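Q: Structure incoming, see below.
The values are calculated or read from the model by the stated rules, or taken from the named source; none is laboratory data. On a predicted model such as this, the values are computed, not experimentally measured, just so you know. With ideal geometry, Cβ positions are generated from the backbone for all residues, glycine too; neighbour counts draw on all protein chains shown.
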Amino acid sequence: MLLIHCPYCEEDRSELEFRWAGEAHVVRPENIAAISDEEFAEFFFLRNNEKGLTYERWRHIHGCGRFFNAARDTVSDRFLMTYKAGLPKQPLPVAEKFAAIAEEKSVETWEQTEGDAR
Amino acid sequence: MRKYSVFAIAREAMRAHKGWEAQWTSPEPRSSYDVIIVGAGGHGLGAAYYLAKEHGITNIAVIEKGWLGGGNTGRNTTIIRSNYLYEESMDIYEHSLKLWEGLSQDLNYNVMYSPRGVMMLSHNIHDQQSFKRHINANRLYGIDNEWMTPEQAKAFVPVLDISKTARYPINGAALQRRGGTARHDAVAWGFARAAADRGVHIIQNCEVTGIRRGTGGEVQGVETSKGFIGAKKIGVSAAGHSSVVMEMAGVRVPLASNPLQALVSEPMKPIFPCVVMSNTVHAYISQSDKGELVIGAGTDQYNSYSQTGGLQIITHTLDAICELFPMFRRVKMMRQWGGITDNTPDRSPIQGVTPVPGLFVNCGWGTGGFKATPGSANLFAHLIAKGEPHKLAAGLTLDRFRTGRLIDEAAAAAVAH
């Protein structure tokens, strides 16, 4: 189970409190009635599905209820950062950090830090 | 290839089993092939086999990043059924089920297809209405599926708890008797052996790192960890990594890769006669011929390529199993693993041409691709050979997300697909 930092509550909470909410920074076209079928399919169905760094939305549904954004590595499932909704796509704090983090095999999980093991 | 038969066993028994030959070869890749298939799972190997058998194309390479059958083919819970709601789905899954019925003979390889029945439990009035709709749709289409009362279900699966005080009371069930299970590894091995016998090259431990395209945009071949390999046609059958491979050709596909977990118990004597699934409380369970209970859990909610998953997903499924079958509460679970499923927005597969000439895709089988293995492979071979889809797979195009003609099995089959 993932351990997720809510940028509003400023706490690490278990994944049970959160809902994944899809790719972040997808912009709804302003003239949605006017766009072509291809553009609509792109907006509505096509997502990046990256292997590696991904930007995604989460909702702290059983906590503060708010949406926020996260950067995560989809190979290790490690969260690189979370930030508030409405902010533009945030650069990673250190460019090399991602590579270094990706090298690490273990991911801090809820079970290790908060669960029965502790 | 030497045929497997009772005489072969007798002959080998006489000479201490020293005469068995390797089931397939591991050749070095040629510089080019007529067709390259990316991904040596059941679907990819099967497509190569049917290309060779039914379309006379034998200059084929199946290129695999790991070992054959090591992805989702070797990780699923081996459930076979065809009781889907929509005609597009019934067409392809029933085509597949019919191929399952003769597959062991066709391949001369025992895939252990066992039509032991797939029972789907109904817990509430919504389930009942939905299942009866499925049953009626299936029977009108010539596919077997029948309604059972709780007592009939209990007679079929004696360990099922149908008491009124159960936490998840059961008000009936749908049973497809021709559904069942097969031995997943044998499917990959059987297709590999039969394809290799017809001259197909299976190239394992060779990762595709790029797709090279010509001036007209057409495919020319693939860049791999063993160098460039040319091909006029490329079929991508890469399951959870389909997005990654298709991106190499500049094609975006509407897929989300999610971990899906399964687990098996310690082996026991035969106790469980069929496959039982409950979509509502999310549990599905069968017993393998080795005696292990094979249990499928759900997908994680987020995209991931980690081939693992959250512990809460498994415990949620086991909670349900223990309520439905109280006698399994003291069974020890032995192994757990995850695979990466490729899910489309409408939860139906994509098989068809792509905007890139010479590039064909077979993906999006999500959490239910094993049952489709022979049917999907057979129709994918037709697509690659003819350049256009077989009529049974005509609705599964990539283009349906532009036209809006979706196959909305997401609502029909819920989560256990």
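Q: Which of the residues belonging to segment A:58-75 are more than 10 Å from chain B (Cβ to nearest Cβ) and in contact (Cβ under 8 Å) with a residue 12 or more places away in the chain?
A: Going residue by residue through segment A:58-75, those that are more than 10 Å from chain B (Cβ to nearest Cβ) are A:59-69, A:71.
A:Arg59, A:His60, A:Ile61, A:His62, A:Gly63, A:Cys64, A:Arg66, A:Phe67, A:Phe68, A:Asn69, A:Ala71, listed by residue number.
Q: OK, next. Give just the number: which of (1) over 20 Å from the mean Cα position of the chain (by Cα); (2) in contact (Cβ under 8 Å) with a residue 24 or more places away in the chain does B:Gln176 not satisfy?
A: (1)
Q: Do the conditions hold for B:Glu247, that is, is it surrounded by fewer than 24 Cβ atoms within 10 Å (Cβ to Cβ), within 14 Å of chain A (Cβ to nearest Cβ) and over 21 Å from the mean Cα position of the chain (by Cα)? Give the derivation first.
A: Details: surrounded by fewer than 24 Cβ atoms within 10 Å (Cβ to Cβ): yes; within 14 Å of chain A (Cβ to nearest Cβ): yes; over 21 Å from the mean Cα position of the chain (by Cα): yes.
When the stated conditions are applied, B:Glu247 passes them.
Q: Which of the residues spanning segment B:17-63 are assigned to a loop (DSSP other than H, G, I, E, B) and either of a type in the set (A, V, I, L, M, F, W, C) or closer than 21 Å to B:Arg183 by Cα (or both)? Steps first, please.
A: Step one: of segment B:17-63, the residues assigned to a loop (DSSP other than H, G, I, E, B) are B:17-31, B:39-41, B:55-59.
If the condition is that a residue be assigned to a loop (DSSP other than H, G, I, E, B) and either of a type in the set (A, V, I, L, M, F, W, C) or closer than 21 Å to B:Arg183 by Cα (or both), then B:Trp20, B:Ala22, B:Gln23, B:Trp24, B:Gly39, B:Ala40, B:Gly41, B:Ile57 are the ones that fit.
Q: Next question. Take B:Gly366 and tell me if it is under 14 Å from the mean Cα position of the chain (by Cα), assigned by TED's automatic domain parsing to the domain that holds B:Arg212 and either of a type in the set (A, V, I, L, M, F, W, C) or in a helix (DSSP H, G or I) (or both).
A: no
Q: Looking at B:Ile9, B:Ile63, B:Ile57, can you tell me which residue is without any contact (Cβ under 8 Å) to a residue 60 or more places away in the chain and either over 17 Å from the mean Cα position of the chain (by Cα) or outside the structural domain of B:His241 (by TED's automatic domain parsing) (or both)? Can you show your working first?
A: Numbers: B:Ile63 fails: without any contact (Cβ under 8 Å) to a residue 60 or more places away in the chain; B:Ile57 fails: without any contact (Cβ under 8 Å) to a residue 60 or more places away in the chain.
That would be B:Ile9, the only listed residue that is without any contact (Cβ under 8 Å) to a residue 60 or more places away in the chain and either over 17 Å from the mean Cα position of the chain (by Cα) or outside the structural domain of B:His241 (by TED's automatic domain parsing) (or both).
Q: Examine segment B:195-205 for a residue that is assigned by TED's automatic domain parsing to the domain that holds B:Val62 and among the charged types (D, E, K, R), and state whether such a residue exists.
A: Start the filter on segment B:195-205 by keeping residues that are assigned by TED's automatic domain parsing to the domain that holds B:Val62, which leaves B:195-205.
From what's left, among the charged types (D, E, K, R): B:197-198.
Yes, segment B:195-205 contains a residue that is assigned by TED's automatic domain parsing to the domain that holds B:Val62 and among the charged types (D, E, K, R).
Q: Give the residue that is surrounded by the fewest Cβ atoms within 10 Å (Cβ to Cβ), with candidates limited to residues of segment B:208-222 that are assigned to a strand (DSSP E or B) and more than 14 Å from every other protein chain (Cβ to nearest Cβ). Don't jump to the end; show me each part of the working.
A: First, pick out the residues of segment B:208-222 that are assigned to a strand (DSSP E or B): B:208-213, B:219-222.
Filter once more, keeping what is more than 14 Å from every other protein chain (Cβ to nearest Cβ): B:210-213, B:219-222.
Details: B:Gly210: 13, B:Ile211: 25, B:Arg212: 16, B:Arg213: 18, B:Val219: 22, B:Gln220: 16, B:Gly221: 21, B:Val222: 28.
Among them, the one singled out is B:Gly210.
Q: Turning to a different aspect of this structure: Which one of the conditions (1) surrounded by fewer than 23 Cβ atoms within 10 Å (Cβ to Cβ); (2) closer than 24 Å to B:Gln23 by Cα does B:Asn171 fail to meet, given that it meets all the rest?
A: (2)
Q: Mind listing whichever residues of segment B:289-318 are part of a helix (DSSP H, G or I), more than 16 Å from A:Leu2 (Cβ to Cβ) and in contact with a strand residue (DSSP E or B) (Cβ under 6 Å, 6 or more places away or on another chain)?
A: B:Thr317 - this is the single residue of segment B:289-318 that is part of a helix (DSSP H, G or I), more than 16 Å from A:Leu2 (Cβ to Cβ) and in contact with a strand residue (DSSP E or B) (Cβ under 6 Å, 6 or more places away or on another chain).
Q: Could I ask something else about it? Under 8 Å between Cβ atoms, at least 6 apart or on separate chains: pull out the pairs that start in segment B:400-416 with a residue that is more than 13 Å from B:Asp127 (Cβ to Cβ) and at the interface with chain A (Cβ under 9 Å from one of its Cβ atoms) and end on any residue that is outside any helix (DSSP H, G or I) and modelled with pLDDT of 85 or more.
A: Cβ pairs passing all conditions: B:Phe401/A:Phe45; B:Phe401/A:Leu46; B:Phe401/B:Pro254; B:Phe401/B:Pro345.
Q: Can you list residue pairs whose Cβ atoms sit under 9 Å apart, with the first residue in segment A:18-44 being among the β-branched types (Val, Ile, Thr) and the second being part of a loop (DSSP other than H, G, I, E, B)? Count only pairs 6 or more apart in sequence or on different chains.
A: Between residues of segment A:18-44 that are among the β-branched types (Val, Ile, Thr) and residues that are part of a loop (DSSP other than H, G, I, E, B), the close pairs are A:Val26/A:Arg47; A:Ile35/A:Pro29.
Q: Tell me, yes or no, whether segment B:105-114 has at least one residue that is within 21 Å of B:Ala283 (Cβ to Cβ), small (Gly, Ala, Ser), in contact with a strand residue (DSSP E or B) (Cβ under 9 Å, 6 or more places away or on another chain) and touching a residue at least 12 places away in the same chain (Cβ under 8 Å).
A: To start, the set of residues in segment B:105-114 that are within 21 Å of B:Ala283 (Cβ to Cβ) comprises B:114.
Next, only the ones that are small (Gly, Ala, Ser) stay: B:114.
Then keep just the ones that are in contact with a strand residue (DSSP E or B) (Cβ under 9 Å, 6 or more places away or on another chain); that gives B:114.
With touching a residue at least 12 places away in the same chain (Cβ under 8 Å) added as a condition, the list becomes B:114.
Yes, segment B:105-114 contains a residue that is within 21 Å of B:Ala283 (Cβ to Cβ), small (Gly, Ala, Ser), in contact with a strand residue (DSSP E or B) (Cβ under 9 Å, 6 or more places away or on another chain) and touching a residue at least 12 places away in the same chain (Cβ under 8 Å).
Q: Could you check segment B:223-244 and list, in sequence order, the residues that are facing another protein chain (nearest Cβ under 10 Å) and either part of a loop (DSSP other than H, G, I, E, B) or among the β-branched types (Val, Ile, Thr) (or both)? Before the answer, list the steps.
A: We begin by selecting, within segment B:223-244, every residue facing another protein chain (nearest Cβ under 10 Å); these are B:240-244.
Across segment B:223-244, the qualifying residue is only B:Val244.
Q: Being of a type in the set (Val, Ile, Thr), at pLDDT below 95 and under 20 Å from the mean Cα position of the chain (by Cα) is the requirement here; does B:Thr280 meet it? Show your work before the answer.
A: Values: of a type in the set (Val, Ile, Thr): yes; at pLDDT below 95: yes; under 20 Å from the mean Cα position of the chain (by Cα): no.
Spelling it out, it is not the case that B:Thr280 is of a type in the set (Val, Ile, Thr), at pLDDT below 95 and under 20 Å from the mean Cα position of the chain (by Cα).
Q: I would also like to ask the following. Tell me which residues, restricted to segment A:19-57, are more than 8 Å from chain B (Cβ to nearest Cβ) and touching a Gly at 6+ places or on another chain (Cβ under 8 Å).
A: Once the filter is applied, which keeps residues that are more than 8 Å from chain B (Cβ to nearest Cβ) and touching a Gly at 6+ places or on another chain (Cβ under 8 Å), segment A:19-57 yields only A:Arg57.
Q: Could I ask something else about it? Being at pLDDT 95 or above, buried (at least 20 other Cβ atoms within 10 Å of the Cβ) and farther than 16 Å from B:Arg198 by Cα narrows it down to one of B:Ile80, B:Ile37, so name that one.
A: Working: B:Ile37 fails: farther than 16 Å from B:Arg198 by Cα.
Every option except B:Ile80 fails the conditions.
Q: Being within 17 Å of the chain's Cα centre (by Cα) and not acidic (Asp, Glu) is true for just one of B:Leu107, B:Leu85, B:Leu97. Which residue is that? Spell out the reasoning first.
A: On the way: B:Leu107 fails: within 17 Å of the chain's Cα centre (by Cα); B:Leu85 fails: within 17 Å of the chain's Cα centre (by Cα).
Testing whether each residue is within 17 Å of the chain's Cα centre (by Cα) and not acidic (Asp, Glu) leaves just B:Leu97.
Q: For segment A:71-88, how many residues meet the condition of being assigned to a loop (DSSP other than H, G, I, E, B) and farther than 28 Å from B:His241 by Cα? Steps first, answer last, please.
A: Taking segment A:71-88 and keeping what is assigned to a loop (DSSP other than H, G, I, E, B), we get A:74-78, A:85-88.
Remaining after also requiring farther than 28 Å from B:His241 by Cα: A:85-88.
Qualifying residue count for the region: 4.
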